[in-house]
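**Student:** If you scroll down you'll find the structure; I have some questions about it.
The values are calculated or read from the model by the stated rules, or taken from the named source; none is laboratory data. Keep in mind it's a predicted model, so treat the numbers as computed, not measured. Neighbour counts run over all protein chains shown; Cβ positions are idealised from the backbone, glycine included.
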Amino acid sequence: MNLGATSFYIRCGGGTYVAGLRIGGLSAPRRIATLSVHTSPLEQPGTGDAGGMNVYIVEVAKRLAERNVEVEIFTRATTSGLPPLVEMLPGVYVRHVTAGPFEGLAKEELPSQLCAFANGVLRAEAAHPPGHYDLIHSHYWLSGQVGWLARERWGVPHVHTAHTLAKVKNRLIAAGDRPEPKARLIGEEQVVAESDHLVANTRFEAQDLISHYDADPARVSVVQPGVDLDRFRPGTADRARFGLPTDGRIVAFVGRIQPLKAPDVLISAVAEMRARGTSDVTLVICGGPSGSGLERPTALIELAASLGVSDSVVFLPPQTGPDLAALYRAADLVAVPSYNESFGLVALEAQACGTPVVAAAVGGLVTAVRDGISGVLVDGHNPADWAQVLEKLLDAPGYRLRLAAGAVAHASRFSWDRTAESLLRVYRDAMTEHRALIAARLERAACAW
């Protein structure tokens with residue numbers, strides 16, 4: 001049990017019992033155990049299971065380290081050659097935990113390896129003196145299951161961020177996609193019930209936790225993700241960098257290729273626009289297969305061919321850092337037609353680069369995009385509706401310029417520094433509440449004795 005640094009007194013009836021234990025006096029964590037079971041922060045976002053959560057974990061860890069909070073990120077080793085411990089950034093370490101086969105294990109199969117992963121996490125802590133970690137922050141429900149166990153073993157508070165919720169995903173599922181299994185629904189309910197504090201990306205996600213998972217409102221905090229405003233900022237469009245046509249209009253999709261993200265809606269929308277006589281629009285799809293999209297990795301190529309728009313669709317692999325920012329700037333519009341997003345970092349990054357966003361009016365996208373100011377929100381996923389909105393914006397350069405200015409202003413309200421500061425407040429509150437809980441338990445025990 002992490003007992004911290006200040007003594008306390010227990011009063012029983014008319015007398016006073018002075019405890020010989022010392023209960024934590026830290027006002028902020030010194031070292032955090034961050035759990036990311038199914039995807040490593042070292043992986044490239046945009047393919048496999050790596051996405052916005054990876055960006056979130058890396059950017060937050062970096063800024064916590066800048067505030068003298070050491071972060072150790074536990075993730076599953078996916079190749080045998082990975083070193084057990086990697087210093088990703090000063091003050092940020094990635095621990096590779098062996099749990100199951102190194103390759104060929106889908107995310108859906110990982111629950112069978114949670115025991116092995118938890119064992120690796122507990123062993124890492126056992127190699128240090130008691131109190132090595134002051135707090136656990138788990139990401140996604142698989143990590144939450146491990147965090148729940150480690151919390152009991154270490155006696156420290158457990159903060160959890162879901163990033164996506166199965167009950168919400170199943171309610172907004174894409175046609176032909178697989179619903180989330182019952183095991184995940186039960187697992188999420190357990191994690192919500194056992195976590196000391198829950199972090200939601202938006203007030204809508206907070207309401208989902210309360211309404212669908214019976215979360216205690218007092219244990220739910222809204223902390224909005226951010227954007228790297230130094231990297232993602234307005235600049236000159238360089239289409240030649242990606243081999244894109246220098247004339248005509250460009251709509252870009254950035255993200256993992258899976259039904260949930262709905263890039264097929266955009267291909268069908270391009271076909272709709274062409275049928276109405278608009279033929280100078282190029283759709284760029286940047287990303288790699290993920291989730292159920294791995295079952296048919298060529299599905300989008302086949303769809304474009306069947307609709308006769310192969311010459312209007314360009315596929316690019318996931319882009320990193322400066323290249324990703326350059327791609328946003330090269331586009332006239334960035335489209336995010338997802339069936340569900342807990343937030344939508346792509347939308348925020350594109351807007352920070354001065355590119356208006358057309359997004360589905362779902363989940364966190366309602367917060368990430370300011371309708372009519374920084375972009376346009378679309379109800380539903382009818383390709384004809386998307387074609388109409390895209391065509392209207394592409395045919396109105398003046399309106400797009402106004403949206404571009406609004407996009408930069410809107411994105412400037414979000415930053416990872418702000419996210420980190422808000423999380424530190426959550427951590428401090430969780431630690432204070434945890435100390436009070438331990439003190440109350442000890443008082444009951446002492447008075448009973």
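**Student:** Is it the case that some residue within segment 319-338 is among the β-branched types (Val, Ile, Thr) and crowded, with 24+ Cβ neighbours inside 10 Å? Before you say what the answer is, go through the steps one by one.
**Tutor:** Initially, segment 319-338 is screened for residues among the β-branched types (Val, Ile, Thr), giving 320, 334, 336.
In the following step, the residues that additionally are crowded, with 24+ Cβ neighbours inside 10 Å were identified as 334, 336.
Among the residues of segment 319-338, at least one is among the β-branched types (Val, Ile, Thr) and crowded, with 24+ Cβ neighbours inside 10 Å, which makes the answer yes.
**Student:** Check GLY100, GLY147, GLY120 and return the single one that is in contact with a Ser or Thr (Cβ under 9 Å, 6 or more places away or on another chain), in a helix (DSSP H, G or I) and surrounded by fewer than 22 Cβ atoms within 10 Å (Cβ to Cβ). Before you say what the answer is, go through the steps one by one.
**Tutor:** Values: GLY100 fails: in a helix (DSSP H, G or I); GLY147 fails: surrounded by fewer than 22 Cβ atoms within 10 Å (Cβ to Cβ).
Selected residue: GLY120, the only one of GLY100, GLY147, GLY120 that is in contact with a Ser or Thr (Cβ under 9 Å, 6 or more places away or on another chain), in a helix (DSSP H, G or I) and surrounded by fewer than 22 Cβ atoms within 10 Å (Cβ to Cβ).
**Student:** With of a type in the set (D, E, K, R), surrounded by fewer than 16 Cβ atoms within 10 Å (Cβ to Cβ) and modelled with pLDDT of 75 or more as the only criterion, which of GLU87, GLU70 stands out?
**Tutor:** Details: GLU70 fails: surrounded by fewer than 16 Cβ atoms within 10 Å (Cβ to Cβ).
Answer to the selection: GLU87.
**Student:** I'm trying to understand the selection: among the residues of segment 150-202, which are in contact with a strand residue (DSSP E or B) (Cβ under 7 Å, 6 or more places away or on another chain), part of a loop (DSSP other than H, G, I, E, B), in contact (Cβ under 8 Å) with a residue 60 or more places away in the chain and more than 25 Å from SER338 (Cα to Cα)?
**Tutor:** VAL156, PRO157, ASP196
**Student:** Which residues, counting only those in segment 51-83, are closer than 24 Å to PRO259 by Cα, in contact (Cβ under 8 Å) with a residue 24 or more places away in the chain and out of contact with any strand residue (DSSP E or B) (no Cβ under 8 Å at 6 or more places or on another chain)?
**Tutor:** Initial filter on segment 51-83 (closer than 24 Å to PRO259 by Cα): 51-56.
The next check asks that each one be in contact (Cβ under 8 Å) with a residue 24 or more places away in the chain; those that pass are 51-53, 55-56.
The answer is GLY51, GLY52, VAL55.
**Student:** Looking at GLY287, GLY255, which one is touching a Pro at 6+ places or on another chain (Cβ under 7 Å), buried (at least 21 other Cβ atoms within 10 Å of the Cβ) and closer than 27 Å to ASP238 by Cα?
**Tutor:** Sole residue among the options that is touching a Pro at 6+ places or on another chain (Cβ under 7 Å), buried (at least 21 other Cβ atoms within 10 Å of the Cβ) and closer than 27 Å to ASP238 by Cα: GLY287.
**Student:** Could you list, in sequence order, all residues of segment 410-438 that are of a type in the set (Gly, Ala, Ser) and either under 27 Å from MET53 (Cβ atoms) or crowded, with 17+ Cβ neighbours inside 10 Å (or both)? Reasoning before the result, please.
**Tutor:** Here is the first cut: in segment 410-438, the residues of a type in the set (Gly, Ala, Ser) are 411-412, 415, 420, 422, 430, 436.
Across segment 410-438, the qualifying residues are ALA411, SER412, SER415, ALA420, SER422, ALA430.
**Student:** Which one of ASP247, ASP214, ASP238, ASP264 is free of Cβ contacts under 8 Å to residues at least 40 places away in the same chain, under 22 Å from PRO397 (Cβ atoms) and not hydroxyl-bearing (Ser, Thr, Tyr)? Outline the logic, then answer.
**Tutor:** Working: ASP214 fails: under 22 Å from PRO397 (Cβ atoms); ASP238 fails: free of Cβ contacts under 8 Å to residues at least 40 places away in the same chain; ASP264 fails: under 22 Å from PRO397 (Cβ atoms).
That would be ASP247, the only listed residue that is free of Cβ contacts under 8 Å to residues at least 40 places away in the same chain, under 22 Å from PRO397 (Cβ atoms) and not hydroxyl-bearing (Ser, Thr, Tyr).
**Student:** Of everything in segment 339-380, what is acidic (Asp, Glu), buried (at least 24 other Cβ atoms within 10 Å of the Cβ) and outside any helix (DSSP H, G or I)? Give them in sequence order. Full working, then the answer.
**Tutor:** Going residue by residue through segment 339-380, those that are acidic (Asp, Glu) are 341, 349, 371, 379.
Subsequent filtering for residues that are buried (at least 24 other Cβ atoms within 10 Å of the Cβ) retains 341, 349.
Correct list: GLU341 only.
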